Amino acid sequence: MIDFISADEATLDGLTRKDTRSGFGQGLLEVGQAHDNVVALCADLTGSLKMNAFKDAFPERFKQAGIAEANMIGVAAGLTIGGIIPFTGTFANFSTGRVYDQIRQSVAYSEKNVKICASHCGLTLGEDGATHQILEDVGMMKMLPNMTVIHTCDYEQTRNATHAVAAHHGPVYFRFGRPKVPMITEADTPFVIGKARRVMTGSDVTIVTNGHLVWNSILAARQLAAEGISVDLLDMHTIKPLDNAALLESVGRTHCVVSAEEHQRNGGLGESVAACLAQHQPTPQRFVAVEDQFGESGTPAQLLEKYGLGPAAIVDACKAAIAVKQGMMAS
Amino acid sequence: MSESTHNLSDLCTQVRRDIVRMVHGASSGHPGGSLGCTDFLVKLYFDEMQIDPQNWDMDGRGEDLFFLSNGHISPVWYSVLSRRGYFDVAELATFRKLNSRLQGHPATEEGLPGIRVASGSLGQGLSVACGAAQAKKLHGEDRWVYTLHGDGELQEGQIWEAALYAAHHQIDNLISFVDWNGQQIDGTVEDVMNLGDLEGKWRSFGWHVLQCDGHDLSALDAAFKAARAAAGQGKPVVVLMKTDMGRGVDFMEGTHKWHGVAPNDGQLSDALHQLATPLSDY
């Protein structure tokens, strides 16, 4: 089965590919044009975060922080005092693990309107290896009270989400990535924080996913459809607050679920899904996620395959979840 | 001594009484650094900053701002804030108790007027102040941002990230004070992790450096004037303020042992006997 990285455009239904970080860069430029109180900070990765357009358009409102991420988070917290909306930019690893205590005390506990924008998340960072491939960031951020956590799937969704993040009052962790991925959503596809986007409607199994694995889940759903299995597919771009209503509505029809994410199973989207279901509607679940391991160097496609995040793994997980459901119904 | 300085002196004594009574009442807290920074904070809030306590809001537009980076000396800050009119002095009795706005370390979550960011985990306040000072510049406000840091706190790496940032971005509406008492929890700063040539360090990071006696109100007055005169010229300003930990209570003075220990009943009585004041307790 072909994944989104190695597929040519013909096999992607003619969809062009763009990186989510470029969607952020465009979105940041647009919110900068719309709101003169938006300020951007970057820790020496302006090109990687695609923040150059904002920097060139608004040099007075761009603050270079150098390779000093802890200070950057604190400066952002201070900028909010007086009504500025700061967007910080660096890799996901340096946006979270490196600065956890700064985010915890100066941003989340202090209820500061800081937007922590994190590129190069997960395994698809690729060849740089495990030092940079953070797979724990969603868990760290969702544990913080007051924090909203968003992970987008394509260029337009990331661009639209940037507008939503700017309009939302409160700290946000905004996660996106490096590789070029198919453009699944349109420029006018609605993006509402905390509201899942239904990608497909089906009745046999629910897939709850986000980020780069939305495309892999679409491919998996097509394969399953060819085998007569109908998938209800939710793009859960907001991990916190989780759209419990959409999840419960879907599993109310399918009675089994697969979560698929480019993150550790511990602390990830699937864990949030499991917590919701355990409390409200116990449901058989299978997890497509990294299983308590660090990543390694390789191409994004190789890494997704090796760590069990490819379309085939999602297909297998769906069949396993359905088998558990059928076993429960038979007994 | 001028009349106003004389009144400030009485206020300092009252604040010191508040500190030891609050820490005694909570059976916990940090009296040493609080007593050592009393004169500075009284001078700052009653004689230096342009503020409007009755109409406090988070944004503080058009006002001077202060950030306490060494949040553990919350008793002195709470006392000064209440006596300056940010909230009722009676609330000092709730320090560190359940459901209080006066958390062990300063916090915004309970909405206590005067506090704009949480502090306690050390080393973060200078970065926040840099951002707040840059916001004032972006808004075209001609106002000052002040900070206070412990000398032990300067062992945190983030302080030096912020020091680089402030100089690089020419944040010259920022005036930082260091509580240079030479003490930290485990002993003297020199023994625990020597800061070496502190003046030289700040200067080499691009700051304008001043020194003053942190207990002499006249010296503090001169230091504030000198700091503001030196600021506004492209460089942030730091004032290394010589203080004694535990100042004003003889058995607490000059030792790290009263960094984070509450006095017992007898020690409280002894301390209050040394801090006679014409003002009134909460």
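Among B:Leu44, B:Leu92, B:Leu112, which is among the hydrophobic types (A, V, I, L, M, F, W, C), in a loop (DSSP other than H, G, I, E, B) and surrounded by fewer than 24 Cβ atoms within 10 Å (Cβ to Cβ)? Selected residue: B:Leu112, the only one of B:Leu44, B:Leu92, B:Leu112 that is among the hydrophobic types (A, V, I, L, M, F, W, C), in a loop (DSSP other than H, G, I, E, B) and surrounded by fewer than 24 Cβ atoms within 10 Å (Cβ to Cβ). Considering only the range B:254-262, I want to know if a residue exists there that is outside any loop (DSSP other than H, G, I, E, B) and under 18 Å from the mean Cα position of the chain (by Cα). Yes, there is a match, as at least one residue in the range B:254-262 is outside any loop (DSSP other than H, G, I, E, B) and under 18 Å from the mean Cα position of the chain (by Cα).
Scanning the range B:192-232 for residues that are outside any strand (DSSP E or B) and among the acidic types (Asp, Glu) returns B:Asp197, B:Glu199, B:Asp216, B:Asp221.
Answer with yes or no whether A:Ala108 is at pLDDT 95 or above, of a type outside the set (Asp, Glu) and closer than 22 Å to B:Ala162 by Cβ. Judged against the criteria, A:Ala108 is a match. There is no residue in the range A:73-86 that is more than 10 Å from chain B (Cβ to nearest Cβ), closer than 25 Å to A:Asp154 by Cβ and free of Cβ contacts under 8 Å to residues at least 60 places away in the same chain.
Apart from one condition, B:Gly85 fits all of (1) touching a residue at least 24 places away in the same chain (Cβ under 8 Å); (2) within 14 Å of another protein chain (Cβ to nearest Cβ); (3) not in a helix (DSSP H, G or I); the exception is (2). Any chance the range A:108-120 includes a residue that's farther than 21 Å from A:Val31 by Cα, surrounded by 24 or more Cβ atoms within 10 Å (Cβ to Cβ) and more than 11 Å from chain B (Cβ to nearest Cβ)? Yes: the range A:108-120 contains one or more residues that are farther than 21 Å from A:Val31 by Cα, surrounded by 24 or more Cβ atoms within 10 Å (Cβ to Cβ) and more than 11 Å from chain B (Cβ to nearest Cβ).
With a requirement of 2 or more residues that are within 20 Å of A:Gly122 (Cβ to Cβ) and in contact with a Lys or Arg (Cβ under 7 Å, 6 or more places away or on another chain), the strands (runs of 3 or more DSSP E) lying completely within the range A:227-292 that satisfy it span A:231-235, A:238-240, A:285-290. For the range B:168-189, taking the residues that are aliphatic (A, V, I, L, M) and in a loop (DSSP other than H, G, I, E, B), the one that is surrounded by the fewest Cβ atoms within 10 Å (Cβ to Cβ) is identified as B:Ile185.
Out of the range A:197-216, which residues are at negative phi and assigned to a loop (DSSP other than H, G, I, E, B)? A:Thr201, A:Gly202, A:Ser203, A:Asp204, A:Asn210, A:His212 - these are the residues of the range A:197-216 that are at negative phi and assigned to a loop (DSSP other than H, G, I, E, B). Out of B:Trp144, B:Trp77, one residue alone is within 24 Å of B:Gly234 (Cβ to Cβ), more than 13 Å from chain A (Cβ to nearest Cβ), of a type in the set (A, V, I, L, M, F, W, C) and surrounded by 18 or more Cβ atoms within 10 Å (Cβ to Cβ). It is B:Trp144.
The values are calculated or read from the model by the stated rules, or taken from the named source; none is laboratory data. Quick caveat: nothing in here was measured; it's all calculated off a predicted structure. Cβ atoms come from the backbone with ideal geometry, glycine included; neighbour counts cover every protein chain shown.
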